[in-house]
Amino acid sequence: MSDPDEITVDVLVVGAGPGGLAAAETAASRGVSVLLVDAEGDIGGNAAFSTGYAAFAGTSLQVEQGIADSPAQLLADMRAEFDRRREEYPEAVFDEAVAARFATESAAAYDYLVDLGFAFDRIVSRPRQHRIDRTVVLSDPAQFRDVFARRLDELGVRILPHRRARELTTDASTVTGALVEGPGGTTTRVRAVRGVVLATGGYQASAELRARFRPDLDPTSPHPGLDGNLGDGQLMAEKIGAQLVNMRMVPEVVLVASRLVEDCIAVTEDGERFHDEAGPEHERLVALRRLPGAIAYYLCDSRTAAGKAQLLADMPGARKQFDTLAGVARGIGAEPAVLAATVERWNAAVGAGADPEFGRVVFPRDGVGIVEPPFTVAPMVVGTNISSGGVRVSQDMQAFDAAGSPIPNLFAVGDCTGSINATVGLGGLHLAAGITLGRVAGRGAAGG
């Protein structure tokens, strides 16, 4: 059956990642009709396949564990991260009002996820990024797909997969909906009576946009996430006069999931560790590039390879498996005794809960190091991170035009916005801010 020529709905949400899902659920909970469209075949976006780290401030979980935190402390950490990023991106923008809205409402967003049925494993200490232990880890990131699918079905939200919004429609300066392309090239005009929420993600998969905004970098280098992250929201908003900020911010990183790094070490061609593997992303990149040829490898054992197979599969580069550590050493060109000693020191550090070599504080959750063969090695590969640029928004997540005035009925959230994404290197903000500010956008689009 072909799509209808026209659909009328109260709220149209474009993109089914964390921000779009929270916006759709929040709007529908207020009794308005919601249509959710997404270019992929299923909801959840990148989040459903992610590390599952999310940073909220002042959560009930922190209180239970005696951790004192506050929105002001999270905001201070975001400011510090922004100041660091401005060294590389002096033109960067940080909207303090949006950041404060996120920080203030983040604890309620955590409770919101718990009430929906989300389960969290633990709090991960990341003192090099967050001065307070506030980063929670989802027990299974696929909950973004499964939990929200059930909830949106209960609320009667209509979901159309494999649909890509191509153009916003307007009446004078007011956004009235969008033209949505379906399978076979059919186009449906969606009329959104109350508002449109753009939640289409970043543009790291678009070689065209990367070449446009970062001509100094290889536009075809590997990137994390889905191939559908093509900057649709940014392009549609730009076409009607929305203000885009931080579009040049397409950071280079070593492509590896934080959840995987918990159980790995990184070694040189000589078989030696050379940095805090779980430290800040930018330090990881600097450490790698200091090595001859920028060559190094991640090493894990069979338990990690089995338990985190998808995260390993998502890494670029050829992975190899060896029955022994001596085989690993020969495979990377190291002396077997050197690599064996490196692994022995690491396993001792895991057992002691302290890393005297590099000060790492994130260890395998089970307290066991690299012990069970076969062993897997994967090259450390530099690629493009999730882009940080997008629509500039108000603290209510309403899109601004080029003059800094709100665009009626247009909201944006998540990685297609640029207002606070200059700080996402702090860690855990993609998911947490998407959910927190997605709820704000959903309330705004539904009418307050």
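Results, tabulated for the structure shown:
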read-out: Among residues of the stretch 153-171, those that are in contact (Cβ under 8 Å) with a residue 60 or more places away in the chain and assigned to a strand (DSSP E or B), counted; value: 9
read-out: Number of the exception - Gly41 against (1) part of a loop (DSSP other than H, G, I, E, B); (2) more than 30 Å from Asp227 (Cβ to Cβ); value: (2)
read-out: Filter result (over 16 Å from Ser419 (Cα atoms), surrounded by fewer than 17 Cβ atoms within 10 Å (Cβ to Cβ) and in contact with a Leu (Cβ under 9 Å, 6 or more places away or on another chain)) within the stretch 60-107; value: Ile67
read-out: Cross-chain or 6+ apart pairs with Cβ under 8 Å, the stretch 371-389 first and acidic (Asp, Glu), then surrounded by fewer than 18 Cβ atoms within 10 Å (Cβ to Cβ); value: Glu372/Ser302; Glu372/Arg303
read-out: The stretch 44-75, residues that are of a type in the set (Gly, Ala, Ser), over 29 Å from Arg150 (Cα atoms) and in contact (Cβ under 8 Å) with a residue 12 or more places away in the chain; value: Ala68, Ser70, Ala72
read-out: Single condition Ala48 does not satisfy, out of (1) in contact with an Asp or Glu (Cβ under 9 Å, 6 or more places away or on another chain); (2) more than 28 Å from Ala119 (Cβ to Cβ); value: (2)
read-out: Some residue of the stretch 315-329 being open to solvent by 20 Å² or more (accessible area, probe 1.4 Å), part of a helix (DSSP H, G or I) and not β-branched (Val, Ile, Thr); value: yes
read-out: Residue that is farthest from the chain's Cα centre (by Cα), among those in the stretch 393-408 that are of a type outside the set (A, V, I, L, M, F, W, C) and open to solvent by 60 Å² or more (accessible area, probe 1.4 Å); value: Pro406
read-out: Failed item, numbered, when Ser302 is tested on (1) surrounded by fewer than 22 Cβ atoms within 10 Å (Cβ to Cβ); (2) under 30 Å from Leu410 (Cβ atoms); value: (2)
read-out: Close pairs (8 angstrom Cβ cut-off, 6 or more residues apart or separate chains): within 25 Å of Asp140 (Cα to Cα) and touching a residue at least 40 places away in the same chain (Cβ under 8 Å) in the stretch 309-323, surrounded by 14 or more Cβ atoms within 10 Å (Cβ to Cβ) and of a type in the set (Lys, Arg) anywhere; value: Leu311/Arg259; Leu312/Arg319
read-out: Condition check for Val197: of a type in the set (Val, Ile, Thr), part of a helix (DSSP H, G or I), closer than 30 Å to Ser60 by Cβ and in contact with a Leu (Cβ under 9 Å, 6 or more places away or on another chain); value: no
read-out: Of all residues making up the stretch 315-342, the number that are over 14 Å from Thr376 (Cβ atoms) and at pLDDT below 95; value: 1
read-out: Residue that is nearest to the chain's Cα centre (by Cα) [pool: residues in the stretch 161-179 that are aliphatic (A, V, I, L, M) and surrounded by fewer than 16 Cβ atoms within 10 Å (Cβ to Cβ)]; value: Leu179
read-out: Verdict on Arg145 being in contact (Cβ under 8 Å) with a residue 12 or more places away in the chain, within 22 Å of Gly201 (Cα to Cα), open to solvent by 30 Å² or more (accessible area, probe 1.4 Å) and part of a strand (DSSP E or B); value: no
read-out: Residue within the stretch 294-306 that is without any contact (Cβ under 8 Å) to a residue 24 or more places away in the chain and of a type in the set (Gly, Ala, Ser) present; value: yes
read-out: Residue satisfying condition, being hydrophobic (A, V, I, L, M, F, W, C) and either at positive phi or outside any loop (DSSP other than H, G, I, E, B) (or both), within set Leu226, Leu230, Leu235, Leu217; value: Leu235
read-out: Search result, residues across the stretch 335-358 that are open to solvent by 10 Å² or more (accessible area, probe 1.4 Å), small (Gly, Ala, Ser) and farther than 17 Å from Pro374 by Cβ; value: Ala337, Ala341, Ala348, Gly351, Ala352, Gly353, Ala354
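The values are calculated or read from the model by the stated rules, or taken from the named source; none is laboratory data. Remember, it's a predicted structure, so these values are computed and weren't measured experimentally. In this analysis, Cβ positions are derived from the backbone assuming ideal geometry, glycine residues included, and neighbour counts consider all displayed protein chains. These accessible areas exclude ligands, DNA and RNA; they are computed on the full protein's heavy atoms, side chains included. Shrake-Rupley method; radii C 1.70, N 1.55, O 1.52, S 1.80 Å.
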